[in-house]
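All remarks here apply to the structure that follows.
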Amino acid sequence: MDKVLESSYVGSIKSHVAQLGPIPQPVLVAFAGIGALWLGSKLLSYLQLVMSAFVYSGHNLRKYGRAGSWAVVTGASDGLGKEYASQLAAKGFNLVLVSRTKSKLESLATELEEKYHDKDIEIKIHAMDFAKDDDVDYEKLADIVRGLDVAILINNVGQSHSIPVPFLETPKEELQDIVTINCLGTLKITQIVAPILKQRKHGLILTMGSFGGWTPTPYLATYSGSKAFLQQWSNALSSELADDHVDVYLVLSHLVTTAMSKVRRPSLLIPNARNFVQAALGKVGLGGYQTAPNTYTPWWSHSFMLWLIENVPGVNSPVTIWYNKKMHLDIRRRALRKQAREAKKQ
């Protein structure tokens, strides 16, 4: 009986197809054209990716300011911030270094002044704890930069979770600090510095983004949300300041060997801070292959990973989110086992 019904069903389909007749040639050509355009767009995007990674250079930083103009770097005493400060000093920019620990800032300022004494750079420091969200700290910074020819702002300050953690178990202090530092801190610093860039009619704002905000990241939910906020805010700000010739870009990064990532050894997918910052300052503005505007991924292996995810499963696909969840669950288990071992030793 089932075979009879199946045969009848197939016969019915064939009959309907026969009634429709052959597909008109113009329709076939239209479908072929759509397919060719889609494939062409993917090939062009991939070509842009390859050229950006290995051939093209980004905007010359001299576009934004002559030697002796100023760069403001937040989170400057360690990791990427320290490297941004060093490489900008090497290019002859004076520096305003902002971070929490005054002794580290003083040490870095002395180190850079001695290392680049031939460039006669000037360095100002401002120690502030972004987690405190103290208006007095921001007012002092505004006094420091007032009257300076600021050309570049590096929004690098940030905080993540100590280890991957379920949102419902996230300590309230950690949750508060992440949002206050990553979001409010970045916004308030930009409100102080951006008017200087706007008035001088050229300048650059780089804000450190993260793959953790580019795609939803379970077990880093608060950090992921804070970086996603910065991504949308940076895109909007870029449009607002474009008429004033101020370039605003989000710099996307996967893992880098820094204290925040807790990764010590560089690899194909994990550059050290020096190499990442060198790429970030050398690839400014090269992000045409990416979905998000005014965003670029400077490290070549990160950019290939991004392109593959955007063009195959999709940034917000269940597959991508599932893999992120699995990866961070594994990291959490290893971190908890390490904590347990260290607790036994004490």
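The values are calculated or read from the model by the stated rules, or taken from the named source; none is laboratory data. Note that this is a predicted model, so its numbers are computed, not measured. Here Cβ is always computed from backbone atoms with ideal geometry, including for glycine, and neighbour counts include all displayed protein chains. Please note that ligands, DNA and RNA were not included when accessible areas were found on the heavy atoms of the full protein model with its side chains. Shrake-Rupley method; radii C 1.70, N 1.55, O 1.52, S 1.80 Å.
Using modelled amide H (1.01 Å from N, peptide plane; none on Pro or chain starts), what sits under 5 Å from the amide H of N155, excluding residues fewer than 5 places away?
For N155, whose amide H was placed from the backbone, the distant partners under 5 Å are L206, T207, M208.
Subtracting the Cα-Cα distance from 0.36 nm times the residue separation, let me have the gained length for S301 to A236 in nm, one decimal.
On the way: separation 65, 0.36 × 65 = 23.40 nm, distance 2.72 nm.
Contour length minus the Cα-Cα distance gives 20.7 nm.
Charges at C-beta only: +1 for Lys and Arg, -1 for Asp and Glu. How large is the resulting dipole of region 79-223 about its Cα centre, in Debye rounded to 20?
Numbers: 16 positive and 20 negative charges, 98 e Å.
Taking the Cα centre of region 79-223 as origin, the dipole is about 480 debye.
So what is the calculated 222 nm ellipticity per residue for the chain, using -39500 (n - 2.57) for each DSSP H run with n of 4 or more, over all residues, to the nearest 500 deg cm²/dmol? Kindly include the intermediate steps, with their values, before the conclusion.
Details: 12 runs with 184 residues, N = 346.
Using -39500 (n - 2.57) per qualifying helix, the result is -17500 deg cm²/dmol.
Treat every Asp and Glu Cβ in region 36-129 as -1 and every Lys and Arg Cβ as +1, leave all other atoms uncharged, and give the resulting dipole magnitude about the Cα centre to the nearest 20 debye.
420
Which residues' amide hydrogens lie under 5 Å from the amide hydrogen of V150, considering only partners 5 or more residues apart or on another chain, with H built in the peptide plane?
W70
In what sequence, highest mean first, do 78-91, 42-55, 330-343 appear when ranked by Cβ atoms within 10 angstrom? Could you put the intermediate results ahead of the total?
Numbers: 78-91: 22.1, 42-55: 14.6, 330-343: 11.6.
Highest to lowest by the protection proxy: 78-91, 42-55, 330-343.
How much length would be gained if the chain were fully extended between V55 and I144, taking 0.36 nm per residue of separation minus their Cα-Cα distance, in nm to one decimal?
Details: separation 89, 0.36 × 89 = 32.04 nm, distance 3.92 nm.
Separation in residues times 0.36 nm, less the Cα-Cα distance, equals 28.1 nm.
Going 7 Å from the Cα of K115 in the Cα-to-Cβ direction, what parts of region 53-82 have a backbone nitrogen less than 14 Å from that spot?
Answer for region 53-82: 76-82.
For V256, what accessible area in Å² do you get when you roll a 1.4 Å probe over the heavy atoms of the protein chains, rounding to the nearest 10?
Surface open to solvent at V256 totals about 10 Å².
Looking at region 97-147, which trypsin sites (Lys or Arg not before Pro) are DSSP coil and have at most 16 other C-beta atoms within 10 Å of their C-beta? Walk me through the numbers on the way to the answer.
Details: sites: R100, K102, K104, K115, K119, K124, K132, K140, R146; in loops: R100, R146.
When the trypsin sites (Lys or Arg not before Pro) of region 97-147 are filtered for loop state and at most 16 Cβ neighbours within 10 Å, R146 remain.
Between S267 and K325, with labels modelled 7 Å along Cα→Cβ, what's the label distance in nm to one decimal, could you check?
2.4
Pull up all non-local amide H partners of I125: gap of 5 or more, or a different chain, and H-to-H distance under 5 Å with H placed in the peptide plane.
Under 5 Å from the amide H of I125 lie the amide H atoms of L97, each far enough along the sequence or on another chain.
Please report, as a whole percent, how much of the solvent-accessible surface of the chain comes from carbon and sulfur atoms (probe radius 1.4 Å).
Carbon and sulfur together cover 58 percent of it.
Compute the angle between helix 186-200 and the longest alpha-carbon principal axis of the chain, please, reported from 0 to 90 degrees and rounded to the nearest 10.
80
For region 111-226, take the alpha-carbon Rg, divide it by the Kirkwood Rh, and send me Rg/Rh. All intermediate terms of the calculation are to be shown ahead of the outcome.
Details: Rg = 16.9 Å, Rh = 16.2 Å.
Taking Rh as the inverse mean 1/r over Cα pairs, Rg/Rh reads 1.05.
Find how much the distance from S45 to A32 grows on full extension, using 0.36 nm per residue of separation minus their present alpha carbon separation; answer in nm with one decimal. Before the final figure, lay out the partial values.
Working: separation 13, 0.36 × 13 = 4.68 nm, distance 1.98 nm.
Net length gain for the segment: 2.7 nm.
Helix 135-145 against the longest principal axis of the chain: what's the angle in degrees, Cα atoms only, rounded to the nearest 10?
Approximately 80 degrees, to the nearest ten.
Rounded to whole Å and ordered largest first, report the semi-axes of the equivalent ellipsoid of region 61-337 derived from its Cα gyration tensor (root of 5λ). Numbers along the way, then the final one.
Numbers: eigenvalues 178, 87, 68 Å².
After scaling each eigenvalue by five and taking roots: 30, 21, 18 Å.
Tell me which of A142, N155, A67 sits at the most positive position along the dipole axis of region 65-195, charges placed on C-beta atoms (Lys, Arg +1; Asp, Glu -1).
Of the listed residues, the answer is A67.
Please give the charge dipole size of the chain, origin at the Cα centre, charges +1 on K and R Cβ atoms and -1 on D and E Cβ atoms. Round to the nearest 20 debye. The partial results should precede the final answer.
Values: 38 positive and 30 negative charges, 239 e Å.
Roughly 1140 debye for the chain.
Determine which residues of region 24-54 fall in the zone a paramagnetic label at L308 would reach in this model, i.e. backbone nitrogen under 20 Å from the point 7 Å along Cα→Cβ.
42-54
Output the 0 to 90 degree angle, nearest 10, between the alpha-carbon long axis of helix 102-115 and the longest principal axis computed from the alpha carbons of the chain.
It works out to around 90 degrees.
Modelling each spin label as a point 7 Å along the Cα-to-Cβ direction, I'd like the R333/S317 distance in nm, to one decimal.
Each label point lies 7 Å from its Cα, and together they span 2.5 nm.
Could you state the accessible area per residue of region 61-337 in Å², with a 1.4 Å probe and every protein chain left in place? List each step's numbers first, then the result.
Details: 12560 Å² over 277 residues.
With all protein chains present, region 61-337 gives 45 Å² per residue.
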